[in-house]
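**Student:** Here it is: the structure, laid out below.
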Amino acid sequence: MKRIAVLTSGGDAPGMNAAVRAVVRRGIACDMEVYGVYHGYAGLLDGQLALMNAGSVGDIIQRGGTILYTSRCDEFRTDAGQQKAIEQLKANEIEGLVVIGGDGSFRGAHKLTEKGFPTIGIPGTIDNDIPGTEMTLGFDTAVNTVIEAIDKIRDTATSHERTYVVEVMGRHRGDIALWAGLSGGAESILIPEIEHEMDEVIQRLMDGHRRGKKHSIIIVSEGVCSASVIGDQIKEATGFDTRVTVLGHVQRGGSPSAYDRMLGSRFGARAVDLLQKGEAGRMVGIQQNRIVAVTFDDVFNGVLKTDNEMYELSKSLSI
Ligand code: ADP
């Protein structure tokens with residue numbers, strides 16, 4: 001393979017730039033020409049491609065977001081859109097495409113491969129919600145951002161002896177809440193995968209209060225319900241001074257952690273190696289600290305496991 005392209009698609013995540021850098025530089029090391037596609041699939045349809053060199057990806061490993069920009073594109077969901085994308089790639093004599101994004105972006109990449117164009121996916125999303133990889137790119141940074149926020153909220157919670165309900169991202173998957181809750185010392189963690197009993201959450205708060213706890217932090221994934229609903233229930237049942245914080249998009253941004261820079265670099269290099277070997281229709285992932293390649297079919301049919309042990313551990317430590 002002599003010419004490949006790379007794009008970022010769907011929700012952005014810290015570490016995407018490290019992956020773009022690795023794709024470009026590994027490609028160059030393999031005597032390939034590497035094109036960057038701007039604005040995801042929308043830019044691909046518009047022919048927004050530029051030849052990258054080692055310098056075009058200099059000084060980006062530490063930056064959040066994606067220098068290639070990202071988008072959502074309805075036209076690409078259609079057969080005609082996918083055909084047009086392949087024509088654009090072929091017109092530029094590009095033979096393989098690396099797609100950095102989430103599940104939706106991989107469904108698009110899979111369609112291209114079904115139509116005969118080789119693609120490899122790199123899982124980039126803060127939600128850690130992609131089967132076939134134990135970690136997605138951006139998740140570690142997002143968890144660190146959340147615990148930094150929790151630590152700050154804890155200061156004011158203690159000073160005012162308040163209960164705080166903190167809403168974090170995760171519509172279907174509670175990993176951000178679970179990891180940040182455990183490492184931030186939250187009193188309760190509410191995630192979509194495990195049903196919670198509000199009575200139990202309230203009982204734990206009251207028990208803590210009786211033992212002299214000065215503050216309490218409850219972490220709730222956005223997929224459970226809005227934090228204000230939980231806040232109102234707590235206030236009504238306990239009478240405690242209860243405040244709500246919704247962290248929102250700050251969780252998506254920021255300089256990637258060392259782990260995400262490392263993961264992006266390893267994912268990017270392996271994606272190029274796979275294309276070089278003639279493999280396609282796969283996503284790179286990490287399992288037991290080894291970089292693996294999983295078919296898109298296995299990704300789409302895979303089931304995410306909830307870490308019940310971690311959930312129980314968090315409960316047993318926040319007494
Ligand atoms: P993410 O990759 O973060 O899950 P989206 O679900 O928004 O983000 O997907 C990003 C883009 O991928 C969409 O805007 C669309 O262009 C493309 N895409 C998503 N699902 C499909 C699909 N089923 N078939 C073809 N393309 C898709």
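**Student:** Go through the stretch 256-261 residue by residue and turn each phi into a ³J(HN,Hα) via Karplus (6.51, -1.76, 1.60, θ = phi - 60°); whole Hz please, and just put x for glycine and proline.
**Tutor:** x, 5, 4, 4, 5, 5
**Student:** What number comes out for the charge environment of residue 310, summing +1 per Lys or Arg and -1 per Asp or Glu over other residues with Cβ under 12 Å away? Kindly include the intermediate steps, with their values, before the conclusion.
**Tutor:** Values: positive: 305, 315; negative: 175, 193, 307, 309, 312.
Result for the local shell: -3.
**Student:** Moving to a separate point now. Of the listed peptides 225-238, 294-307, what is their order by residue-averaged count of other C-beta atoms within 10 Å, with the highest listed first? Let's see the in-between values first.
**Tutor:** Values: 225-238: 16.6, 294-307: 14.3.
Going from most to least packed, we get 225-238, 294-307.
**Student:** Moving on to the next point. Determine the principal axes of the Cα atoms in the chain, then give the extent along each, sorted from largest to smallest and rounded to whole angstroms.
**Tutor:** 70, 36, 34
**Student:** Which ³J(HN,Hα) values in Hz, rounded to whole numbers, follow from the phi angles of the stretch 287-302 under the Karplus curve 6.51 cos²θ - 1.76 cosθ + 1.60, where θ = phi - 60° and Gly and Pro get x?
**Tutor:** 9, 6, 6, 10, 7, 10, 10, 10, 5, 4, 4, 5, 5, 5, 8, x
**Student:** By average Cβ neighbour count within 10 Å, what is the ranking of 30-42, 83-95, 260-272 from highest down? Don't skip to the end; give the middle numbers.
**Tutor:** Details: 30-42: 21.2, 83-95: 16.3, 260-272: 24.8.
Put in order of decreasing packing, that is 260-272, 30-42, 83-95.
**Student:** Place the peptides 52-60, 185-193, 240-248 in order of packing, highest mean first, counting for every residue the other Cβ atoms within 10 Å and averaging per peptide.
**Tutor:** Answer by packing, highest mean first, reads 185-193, 240-248, 52-60.
**Student:** With θ set to phi - 60°, apply the Karplus curve 6.51 cos²θ - 1.76 cosθ + 1.60 along the stretch 18-27 and write out the HN-Hα couplings as whole Hz, x wherever there is a Gly or Pro.
**Tutor:** Result, ordered by residue: 4, 5, 4, 4, 5, 4, 5, 6, 5, x Hz.
**Student:** Beyond a 19 Å Cα-Cα separation, which of these cross-linked pairs lie in this structure: 84/277; 152/213; 213/315; 2/111; 2/84?
**Tutor:** Numbers: 84/277 26 Å; 152/213 17 Å; 213/315 16 Å; 2/111 22 Å; 2/84 22 Å.
Check vs 19 Å cut-off fails for 84/277; 2/111; 2/84.
**Student:** Okay, moving on. Set the Förster radius R0 to 30 Å, insert the Cβ-Cβ distance between residue 276 and residue 79 as r into 1/(1 + (r/R0)^6), and round the FRET efficiency to 0.05.
**Tutor:** Values: r = 29 Å, r/R0 = 0.97.
Plugging the Cβ-Cβ distance into 1/(1 + (r/R0)^6) gives 0.55.
**Student:** Can you put 148, 167 in order, fewest other beta carbons within 10 Å first? It would help to have the intermediate numbers written out before the result.
**Tutor:** Values: 148 14, 167 25.
Listed from fewest to most nearby Cβ atoms, that is 148, 167.
**Student:** Between 51, 97, 275, where does the largest GNM mean-square fluctuation fall for the chain, given springs only between Cα atoms within less than 10 Å?
**Tutor:** 51
**Student:** Would you work out the relative contact order for the stretch 221-315, in percent, from Cα pairs under 8 angstrom that are 6 or more residues apart? Before the final figure, lay out each step's value.
**Tutor:** Values: 39 pairs, mean separation 12.4, N = 95.
Normalised by residue count, the contact order of the stretch 221-315 is 13 percent.
**Student:** Give me, ordered by chain and number, the residues 5 or more places off residue 170 or on other chains with an amide H under 5 Å from its own placed amide H.
**Tutor:** 222, 223
**Student:** Quote the relative contact order of the chain in percent (integer), defining contacts as alpha-carbon pairs under 8 Å separated by 6+ residues. Write out the running numbers ahead of the final one.
**Tutor:** Details: 710 pairs, mean separation 76.2, N = 319.
Answer for the chain is 24 percent.
**Student:** List every residue whose amide H lies under 5 Å from the amide H of residue 35, counting only residues 5 or more places away in sequence or on a different chain, with H placed 1.01 Å from N in the peptide plane.
**Tutor:** Residues meeting the criterion, in which the H sits 1.01 Å from N, are 4, 5, 6, 52.
**Student:** OK, next. In the chain, with Lys and Arg counted as +1 and Asp and Glu as -1 at Cβ, which of these residues, 16, 156, 174, has the Cα nearest the positive end of the dipole, that is, farthest along it?
**Tutor:** Towards the positive end, the residue furthest out is 16.
**Student:** Tell me, what is the Rg over Rh of the stretch 60-205, with Rh the Kirkwood radius over Cα pairs? All intermediate terms of the calculation are to be shown ahead of the outcome.
**Tutor:** Details: Rg = 20.5 Å, Rh = 18.3 Å.
When Rh is taken as the Kirkwood radius, the ratio is 1.12.
**Student:** Between the stretch 139-193 and the stretch 52-115, what is the C-alpha centre distance in whole Å?
**Tutor:** Comparing the Cα centres of the stretch 139-193 and the stretch 52-115, I get a distance of 33 Å.
**Student:** Name the long-range amide H neighbours of residue 286: under 5 Å, sequence gap of 5 or more, or other chain; modelled H, no Pro or chain starts.
**Tutor:** 134, 135, 292
Each reported figure results from applying straightforward, stated rules to the coordinates on display, with no laboratory input. These numbers were taken from a predicted model, which means no experiment stands behind them. Heads up, the Cβs are rebuilt from the backbone with ideal geometry, glycines too, and the neighbour counts pull from every protein chain shown.
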